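The values are calculated or read from the model by the stated rules, or taken from the named source; none is laboratory data. Only a predicted model underlies this, so the values are computations on that prediction, with no experimental measurement involved. Here the Cβ positions follow ideal geometry from the backbone for every residue, glycine too, while neighbour counts run over all protein chains shown. Heads up: the accessible areas ignore ligands, DNA and RNA and are worked out on the full protein's heavy atoms, side chains in. Shrake-Rupley method; radii C 1.70, N 1.55, O 1.52, S 1.80 Å.
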Amino acid sequence: MGILDSVSSPHDLRGLSADQLDQLAAEIRDLLISTTARTSGHLGPNLGVVELTLAIHRVFDSPRDRVVFDTGHQSYVHKLVTGRAANFATLRQEGGLSGYPSQAESAHDIVENSHASTSLSYADGLAKAYAIRGENRHVVAVIGDGALTGGMAWEALNNIAIAKTSRLVIVVNDNERSYTPTIGGLATALTALRTNPRYEQVLDLVKKRLNALPGVGSAAYDALHAVKKGMKDALAPQGLFEDLGLKYVGPVDGHDRVAMEQALTNAKRFGGPVIVHAITRKGFGYDPAERHEADQFHAPGPFDVQTGAEKPKGRIWTDHFSDAMLDIGARRKDIVAITAAMMHPVGLDAFQREWPLRTFDVGIAEQHATTSAAGLAMGGLHPVFAVYATFLNRAFDQVLMDVALHKCGVTFVLDRSGVTGDDGASHNGMWDMSILQIVPGLRLAAPRDVTRLQELLNEAIEVDDAPTVVRFPKGPPPADIDTIDKAGGADVLVRSGDRDVLVVAVGSMCTVAIDVAERLSAQGIGVTVVDPRWVKPVDPAIVDLARQHALVISIEDNGRVGGCGTALLQTLNDERVTTPVRLHGIPQEFLDHAKRDVILHRVGLDAQTIARGIVEDVTAIADGQVLHDADRPV
């Protein structure tokens, strides 16, 4: 029986000896590696915070003291020492542990949104609430140096600095990386703050000499303190934070548990906001992760524990986008690429290698990226900003007011759109087509396969007077789906039998729509399947097709409210088209993690469920019944 087996709550950590804690850290690393090798997950970030997390839970009393993790993908160790070790094998599996903090799992989890740069604002509010209520409780916010590039974090720091009574400890987990090396002036400043051997050596020498003198009084102590501060400012300038009025402790070796406990204890004792600067190494303790140049195994797929080699997963949508960008970049010298700390995950690393001066990694700063893209467009370039679909939510105001209002030719490429699955509610890209519908002039494309991805991306970059968006899902793309005819700008994919049903399929849902058509045809129902390609604005040709059919079906992997189906329905209403319409999309709810196919089936976006509903509607129409859109919401 290992030490970890005896830990059911953070309280159990406080009775362990130093040797037992070292053994526990080793057991935790072994379990992290063996589990993520099978389930995939955020390995590198968690290997880097083992000692740091143990120190936090030995110094603070969770859940009375609240621990808030920024992004939350480094919370696996926290899960293991708060009673979830026995279920850790279910990590990221349907019905199992989430890959992020989860209120449903434990009283030790309070914030479960995995978007970056938010922890300090949550912590600021929590600490102020406890102060106002007279509760003697501390709040610990763990934020990485990558998340500190987000403007929201600095808005929070600006307010925390004046909250003198807040019992708030901010742990800056400084590993020089978010996904990849942290970019920008902040990263340079943090580099200057990191542990400097000269500082420690000189300070030790001064201490030894003073301690050797008899009768050292307060004057000598004050002199030592002044010397210490002067050396620290010169050799490891903490002014970055202290100029805000925040107490600063560090830098501290985040893998030295004893040093971390001492620093956290001192911070806890202060009674006001304190920053503890911890230096860690992503992937620490696992050689393949530490050697991995791209991202220290930030979030590998299943891999071999001994070698660290990831199991083959084939080419995904992102790889094909990467290839397309290389072709476009070679042809168009005005094309520039932007990413927000995700050069490799969004596939812009190849473009960066080829044209480094035309590639900009702005750090975790989607709002800045969007408005900077507007500036690039105003300057005569055409920027392509590649970002996960869920993260563009953060920059809506900039898309609306800074890009669209100014008619800037900016192309947004949304990776991981629709249902992403394993990463849970906050990573599903199910909001973008609803949010973007209301942006005047914006054009939105959803490719169904690789050929359409290449076509639509090339069409998007030709638009120089409005924002364009190209979205695609997570994982491998399907085989190309041939076009049998054109209807305006839309592709006709299926036309069989009478014009009973028109199926308007958006992007990746074309595969489902073709399966639906086959099921309907087998029952003698005539069906036409069209892929709009550009789903905003609605193609007039689809309006004409709707007039010619008895029933219109829309299918999209986006929320039903305000999405493409809603826009189609509104357009048909405006054009006085009376054909009944059924909208198939994702319910407006936060989806529990599971595989993409499982979730799509769960929400009724599988071919069998959709086809069954259509058969019922066609039968009702044949019987002379009047269909109303609210009869059977899906």
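Looking across the range 515-530 at every residue that is crowded, with 21+ Cβ neighbours inside 10 Å and free of Cβ contacts under 8 Å to residues at least 40 places away in the same chain, the one that is nearest to Ala567 (Cα to Cα) is identified as Val529. The set of residues from the range 304-317 being surrounded by fewer than 20 Cβ atoms within 10 Å (Cβ to Cβ) and not in a strand (DSSP E or B) comprises Asp304, Val305, Gln306, Thr307, Ala309, Lys311, Pro312, Lys313, Gly314, Arg315, Ile316.
Can you say whether Ile143 is modelled with pLDDT of 85 or more and out of contact with any helix residue (DSSP H, G or I) (no Cβ under 9 Å at 6 or more places or on another chain), as far as the supplied structure shows? No. With a requirement of 1 or more residues that are in contact with a helix residue (DSSP H, G or I) (Cβ under 7 Å, 6 or more places away or on another chain) and acidic (Asp, Glu), none of the strands (runs of 3 or more DSSP E) lying completely within the range 470-520 satisfies it. Residues in the range 396-426 that are in contact with a strand residue (DSSP E or B) (Cβ under 7 Å, 6 or more places away or on another chain) and within 30 Å of Gln74 (Cβ to Cβ): Phe412, Val413, Leu414, Asp415, Arg416, Ser417, Gly418, Val419, Thr420.
Return yes or no: is Asp498 modelled with pLDDT of 95 or more and of a type in the set (D, E, K, R)? The answer is no for Asp498.
Kindly establish whether Ile338 is in a strand (DSSP E or B) and within 22 Å of the chain's Cα centre (by Cα). Criteria met by Ile338. Here the range 1-39 is the region considered, the condition is being modelled with pLDDT of 90 or more, outside any helix (DSSP H, G or I) and open to solvent by 40 Å² or more (accessible area, probe 1.4 Å), and the residue that is farthest from Arg64 (Cα to Cα) is Ser17. Of all residues in the range 262-303, those satisfying the criterion of being open to solvent by less than 30 Å² (accessible area, probe 1.4 Å), within 16 Å of Val49 (Cβ to Cβ) and part of a helix (DSSP H, G or I) are Ala263, Leu264, Ala289.
Taking the criterion of being closer than 19 Å to Phe472 by Cβ and open to solvent by 50 Å² or more (accessible area, probe 1.4 Å), the residues of the range 323-380 that qualify are Asp323, Leu326, Asp327, His344. Taking the criterion of being open to solvent by 10 Å² or more (accessible area, probe 1.4 Å) and closer than 30 Å to Val111 by Cβ, would at least one residue in the range 485-502 satisfy it? Within the range 485-502, none of the residues are open to solvent by 10 Å² or more (accessible area, probe 1.4 Å) and closer than 30 Å to Val111 by Cβ. Under the condition of being open to solvent by less than 10 Å² (accessible area, probe 1.4 Å) and under 22 Å from Arg281 (Cα atoms), the residues counted in the range 122-146 number 6.
Yes or no, residue by residue, for (1) outside any strand (DSSP E or B); (2) in contact (Cβ under 8 Å) with a residue 40 or more places away in the chain:
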position: Lys333; (1), (2): yes, no
position: His344; (1), (2): yes, yes
position: Phe360; (1), (2): no, no
position: Thr371; (1), (2): yes, no
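Considering the range 150-174 alone, what residues qualify as being in contact with a His (Cβ under 8 Å, 6 or more places away or on another chain) and β-branched (Val, Ile, Thr)? Correct list: Val169, Val172. Cβ-Cβ contacts under 7 Å between residues 6 or more apart (or on different chains), taken from a first residue in the range 473-499 that is over 30 Å from Tyr388 (Cβ atoms) and without any contact (Cβ under 8 Å) to a residue 40 or more places away in the chain to a second residue that is of a type in the set (Asp, Glu) and crowded, with 16+ Cβ neighbours inside 10 Å, are absent. The residue list Arg582, Arg576, Arg560, Arg533 contains one member that is at positive phi, surrounded by 21 or more Cβ atoms within 10 Å (Cβ to Cβ) and of a type in the set (Lys, Arg), which is Arg533.
Can you report the number of residues in the range 599-620 which are in contact (Cβ under 8 Å) with a residue 40 or more places away in the chain and in contact with a Lys or Arg (Cβ under 7 Å, 6 or more places away or on another chain)? Qualifying residue count, the range 599-620: 3. In the range 61-160, counting only helices (runs of 4 or more DSSP H) that sit wholly within it, the ones holding 1 or more residues that are within 18 Å of Asp422 (Cα to Cα) span 76-79.
A search for C-beta distances below 9 Å between a residue of the range 282-301 that is of a type in the set (D, E, K, R) and at pLDDT below 70 and any residue that is buried (at least 17 other Cβ atoms within 10 Å of the Cβ) and not in a loop (DSSP other than H, G, I, E, B), counting only pairs 6+ apart in sequence or on different chains, returns Asp295/Gly44; Asp295/Arg177.
Condition check for Ala55 on (1) in contact with a Lys or Arg (Cβ under 8 Å, 6 or more places away or on another chain); (2) open to solvent by less than 10 Å² (accessible area, probe 1.4 Å); (3) closer than 23 Å to Thr307 by Cα: one failure, at (3). Whenever a residue of the range 397-409 is farther than 13 Å from Ser372 by Cβ, its partners that are open to solvent by 40 Å² or more (accessible area, probe 1.4 Å) and among the acidic types (Asp, Glu), lying with C-beta atoms within less than 7 angstrom and at least six residues away or across chains, give the pairs Lys407/Asp465; Gly409/Asp464; Gly409/Asp465. Filtered by the rule that a residue be of a type in the set (D, E, K, R) and open to solvent by less than 10 Å² (accessible area, probe 1.4 Å), the range 403-433 gives Asp415, Asp432. Of the residues Leu436, Leu400, the single one that is open to solvent by 10 Å² or more (accessible area, probe 1.4 Å), within 23 Å of Val561 (Cα to Cα), at pLDDT 95 or above and in a helix (DSSP H, G or I) is Leu400. Taken over the range 596-621, the criterion of being open to solvent by 20 Å² or more (accessible area, probe 1.4 Å) and over 20 Å from Gly95 (Cα atoms) is satisfied by Asp606, Gln608, Thr609, Arg612, Val615, Glu616, Val618, Thr619, Ile621.
Going by the conditions given, is Arg394 part of a loop (DSSP other than H, G, I, E, B) and either within 27 Å of Ser114 (Cβ to Cβ) or open to solvent by less than 30 Å² (accessible area, probe 1.4 Å) (or both)? Taking the combined requirement at face value, the residue does not satisfy it.
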